[in-house]
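Heads up, the thing below is written out as structure tokens.
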Amino acid sequence: MVEKFLNMAKRNSVRLSGIINDLLDLSKIEAGKMDYKFADMDINSVIDYVKPSLSGLAKEKGLNLIAEVTNELPHINGDSRRLEQVLTNLVSNAIKFTPEGKTITIRSHIADAKQIHANECFAEDLKKLTGQYVVVCVEDEGIGISEKDLPRAFDKFAQIENSLSRKVGGSGLGLPIAKQLLEAHNGTIWCESELNKGSKFYFALPFSQKEKD
Ligand code: ADP
């Protein structure tokens with residue numbers, strides 16, 4: 001009995017510190033005080049860090065977490081800790097919203113802005129892209145997001161009105177934080193999703209200037 005309450009208290013304190021960290025991050029970003037450490041880097045190093053750190057959680061839920069990366073991608077100019085934060089959020093969401101026995105795939109590839117298409121609610125963001133980008137995609141086979149809810153997914157405190165979102169908890173701040181972190185990298189984030197089929201969250205980052213020389 002005591003053990004049950006201790007576990008519950010531990011879970012709640014982990015959840016609470018997650019919410020506090022999200023609120024702190026968002027207020028720092030909005031005040032223009034987020035401290036970025038940009039460096040020339042390979043996005044696959046972010047996948048190499050995040051995948052093993054979440055594979056235990058995926059396994060516990062009976063999910064298969066795999067990576068299909070393109071080797072030797074052009075470098076980007078990024079803050080590896082912040083990009084790890086973005087990818088961690090996307091993969092954690094995929095784990096939260098995917099039922100047992102299914103697969104989550106992390107991919108990386110190159111795409112030309114002209115090849116990138118998405119739901120019209122992301123048209124404004126995608127219109128800003130020009131030239132070539134390194135794209136990361138997190139694909140799940142989970143509950144999906146309806147076309148009606150998709151435009152709100154990156155809004156602050158948006159927890160889509162389904163019983164699972166409420167049950168699994170969270171701050172509803174992970175995606176808006178990810179969006180702002182990517183915008184600080186001159187990148188963007190968008191999502192394709194079908195209710196009850198699954199979601200694909202993408203983010204695109206421009207090649208580093210060094211690659212263009
Ligand atoms: P949180 O997960 O903390 O609630 P997020 O900003 O990360 O906040 O996500 C906002 C909402 O978007 C979630 O509550 C959920 O309703 C929806 N969502 C995010 N990722 C997925 C996903 N992979 N599949 C289905 N719904 C998702």
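The values are calculated or read from the model by the stated rules, or taken from the named source; none is laboratory data. Nothing here was measured: the structure is a model prediction, and the numbers come from that model. Reconstructed Cβ throughout: ideal geometry from the backbone, glycine too, with neighbour counts over all protein chains shown.
Side notes on the structure shown:
- Members of the range 81-98 found to be in a helix (DSSP H, G or I), farther than 22 Å from ASP35 by Cβ and within 7 Å of the ligand (Cβ to nearest atom), listed by number: ASN93, ALA94, LYS96
Residue-by-condition table, conditions (1) assigned to a strand (DSSP E or B); (2) more than 15 Å from the chain's Cα centre (by Cα); (3) buried (at least 21 other Cβ atoms within 10 Å of the Cβ); (4) modelled with pLDDT of 95 or more:
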residue: ASP125; (1), (2), (3), (4): no, yes, no, no
residue: VAL138; (1), (2), (3), (4): yes, no, yes, yes
residue: ILE160; (1), (2), (3), (4): no, yes, no, no
residue: SER165; (1), (2), (3), (4): no, yes, no, no
residue: GLY172; (1), (2), (3), (4): no, no, no, no
residue: ALA204; (1), (2), (3), (4): yes, no, yes, yes
residue: LYS210; (1), (2), (3), (4): no, yes, no, no
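- In the range 16-48, the residues that are out of contact with any Leu (no Cβ under 6 Å at 6 or more places or on another chain), surrounded by 14 or more Cβ atoms within 10 Å (Cβ to Cβ), touching a residue at least 12 places away in the same chain (Cβ under 8 Å) and within 13 Å of LEU173 (Cβ to Cβ): GLY18, ILE19, ASP25, ILE29
- Residues being of a type in the set (Val, Ile, Thr) and touching an Asp or Glu at 6+ places or on another chain (Cβ under 6 Å) are represented in the range 86-98 by at least one member.
- The range 188-204, residues that are in contact with a strand residue (DSSP E or B) (Cβ under 7 Å, 6 or more places away or on another chain) and aliphatic (A, V, I, L, M): ILE189, ALA204
- LEU65 being of a type outside the set (Gly, Ala, Ser), outside any helix (DSSP H, G or I), within 16 Å of the chain's Cα centre (by Cα) and within 24 Å of SER171 (Cβ to Cβ): yes
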